[in-house]
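A.B. asks: So that we are looking at the same thing, I have put the structure below in structure tokens.
Since every read-out is calculated from the coordinates, none of them should be taken as a lab result. These numbers come from a predicted model, not from an experiment. Positions of Cβ are backbone-derived with ideal geometry, glycine not excepted, and every protein chain shown enters the neighbour counts.
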Amino acid sequence: MTFSSDTLRFDTVFTRIGSSTRILKIYNPSREAIRISSLYLAAGAASRFRINVDGVPGTQTLRDIPIYPKDSLYVFATVTVNPNTPPTVSPFIFNEELRIEVNGNRQVVTLEAWGQNANYFPSRFNKGVPVVLSCQNGQLSWNDPKPYVIYGEVFIDSCTLYIPPGTQIYFHGGVVQNKQFGVFNDGILYTLPQGKLWIAGTAEKPVTLQGDRLEDTYREAPGQWYGVILGRGSKGNKIQYATIKNSILGIYADSAAECSIRNSRFINTSANGLVGVRASMTVDNCLFYNNGANAVQLVHGGDYQFNYCTVASYGGTSSALGMSNFVCYDDPVNCRQRSQYRLNARFRNCIFYGSDADELILSDISGGQEKSLFNVLFENCVVRVRDLLTGQNRQFAAFLTDFCRNCINGSSTAKVFRKADAGNFTLDSLSVAANKGVPVLSPYPIRVDLLDMTRDATNPDIGCFEQLR
């Protein structure tokens, strides 16, 4: 038994309620008759699709359907969509399986329709397909008021992609396969060496990047799309007032990539919220939480400056922050084949806190013998460390004096956040982070918090939120 197509795509009309029909042919190429024991839509009566098999409509399972030798069967599939229904009711893109079973063997044809009036970029037929976005070293602005739905992998080359205030970007993820990358998770925004990303949200009009499933079941589900990758050598990337959520990774900055990130949130990722690999980044007033791996992961050295950030790690075994000045290419225990590079990292007025006794993982390949390879300093931060002080041959025994100046080592009972279990990381009225910061004035002054509230000019609070008073 064969099919005329493995996927039926419905190019819905987006300016009004649209209905469209697609045809699937099921062939019996053999010399013997076959009998389809069952043919049905996976969602049954709740399906958005309707089928008709050789003139017989089916909202439930159709059974015992014969196909004679060298003959075929027509299946008509229809869908009706109101493009102006809220995405919580009708997603941007929805898929369903048409299941056909013969002699206990199941085969599947995917039905795929678009349910919203949006900018589908680069097209609605781009699943698993890499596309290069170029504008001859100019600037391209995604300034259409309709949402943008990214379908596939978008590579920015010789171009600055400008995303203006208030833009809503949705990524259609899922496991795909192509010749370039093999099997991977779809939904990628990638800057090549001559490409640049500029997300220009404001406090009043932030920019959101998230998965395209907004029903209650998926609203906060991590891992729906891959993430944003700043490729090797990509310079001048700027991100402000953005929320990146429900992805595998938030932002991955590869070797020699540069980026400034301000007033942004990295939430509900199945892996890291932010990864830097020998990169250069400044990160101000940012919030990280509900990340499946170390919320912030800085490996193979690089240059980093974090100011007024809150990095919270609750409910898992991963830490708030992991840092190293090397990368292993073989067994990570022995690490005989490796590359090392100096790490310069400075953290001012930041919170690295969570449910584990250690929320910092530090790895120095020189074992503390080469200071220039591990140039790390925390100033006026709230941290949580215990085993770090005694492990690794006591390399970091003096962490709270030599590496962490004027820091607070919080305990499991310390008051820090208002309600961390509900995702509220504003400061508790008795927070140990209140009034313990020092004004940040260089290389530029930071006078507001993530909510655009003015910070105390003399004794600001630690973390991305100034305490509500």
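A.B. asks: Starting from the alpha-carbon convex hull of the stretch 130-170, give the projected area averaged over all orientations, in nm².
C.D. replies: Taking the Cα atoms of the stretch 130-170, their convex hull projects to 2.9 nm² on average.
A.B. asks: Taking K and R as +1 and D and E as -1, what net charge do the other residues with C-beta under 14 Å from the C-beta of D356 add up to?
C.D. replies: Charge balance in the 14 Å sphere: -1.
A.B. asks: Same structure, new question: Suppose a student asked you for the relative contact order of the chain, using Cα pairs under 8 Å spaced at least 6 residues apart; what percent would you report?
C.D. replies: So the answer I get is 7 percent.
A.B. asks: Restricting the count to DSSP beta bridges whose residues both fall in the stretch 147-237, what percent are antiparallel, rounded to a multiple of 5?
C.D. replies: Antiparallel bridges make up about 15 percent of those DSSP assigns within the stretch 147-237.
A.B. asks: Can you tell me the dipole magnitude for the stretch 414-469 around its Cα centre, using point charges on the Cβ only (Lys, Arg +1; Asp, Glu -1), in Debye to the nearest 20?
C.D. replies: So the dipole magnitude of the stretch 414-469 works out to roughly 100 debye.
A.B. asks: If you don't mind, there's one more thing I want to ask. I need the semi-axes of the equivalent ellipsoid of the stretch 2-114: take the C-alpha gyration tensor, multiply each eigenvalue by 5, square-root it, list largest first in whole angstrom.
C.D. replies: For the stretch 2-114, the ellipsoid semi-axes come out as 29, 13, 11 Å.
A.B. asks: So for the chain, Kirkwood radius off the Cα pairs, Stokes-Einstein at 20 °C and 1.002 mPa s: how many µm² s⁻¹?
C.D. replies: 87
A.B. asks: Determine, for T217, T167, T110, the number of other Cβ atoms within 10 Å of each Cβ, and report the residues in order from fewest to most.
C.D. replies: Lowest count first: T217, T110, T167.
A.B. asks: Provide H300, H172 in ascending order of the number of other Cβ atoms located within 10 Å of each residue's Cβ, fewest first.
C.D. replies: Fewest to most other Cβ atoms nearby, the residues stand as H300, H172.
A.B. asks: Dividing the alpha-carbon radius of gyration of the stretch 119-376 by 2.2 N^0.38 Å (N being the number of residues), what value is obtained?
C.D. replies: Rg over 2.2 N^0.38 Å, computed on Cα atoms: 0.99.
A.B. asks: Please report the spacing between the Cα centers of the stretch 355-377 and the stretch 420-458 in Å, no decimals.
C.D. replies: So the separation of the two Cα centres works out to 26 Å.
A.B. asks: Only counting other Cβ atoms within 10 Å, I'd like T191, T269, T85 sorted with the fewest neighbours first.
C.D. replies: T85, T269, T191
A.B. asks: Over the stretch 260-401, with a single point scatterer placed on each C-alpha, what log10 of the ratio I(q)/I(0) does the Debye formula yield at q = 0.16 1/Å?
C.D. replies: Taking Cα atoms of the stretch 260-401 as identical point scatterers yields -0.83.
A.B. asks: How many angstrom separate the Cα center of the stretch 216-276 from the Cα center of the stretch 113-160?
C.D. replies: 17
A.B. asks: With +1 assigned to the C-beta of every Lys and Arg and -1 to the C-beta of every Asp and Glu, and no other charges, what is the dipole magnitude of the chain about the Cα centre in debye, to the nearest 20?
C.D. replies: 380
A.B. asks: To continue, here is another question. Taking +1 at the Cβ of each Lys and Arg and -1 at the Cβ of each Asp and Glu, which of V277, N237, G316 sits farthest along the dipole of the chain towards its positive end, judged by Cα position relative to the Cα centre?
C.D. replies: N237
A.B. asks: Given charges of +1 on the Cβ of Lys and Arg and -1 on the Cβ of Asp and Glu, with all other atoms neutral, how large is the dipole of the stretch 122-195 about its Cα centre, in debye to the nearest 20?
C.D. replies: The calculation lands at about 160 debye.
A.B. asks: Pairs of Cα atoms under 8 Å, at least six residues apart: use those to get the relative contact order of the stretch 119-376, whole percent.
C.D. replies: Rounded, it is 11 percent for the stretch 119-376.
A.B. asks: Of G138, A253, V385, which is farthest along the charge dipole of the chain in the positive direction, counting Lys and Arg as +1 and Asp and Glu as -1 at C-beta?
C.D. replies: G138
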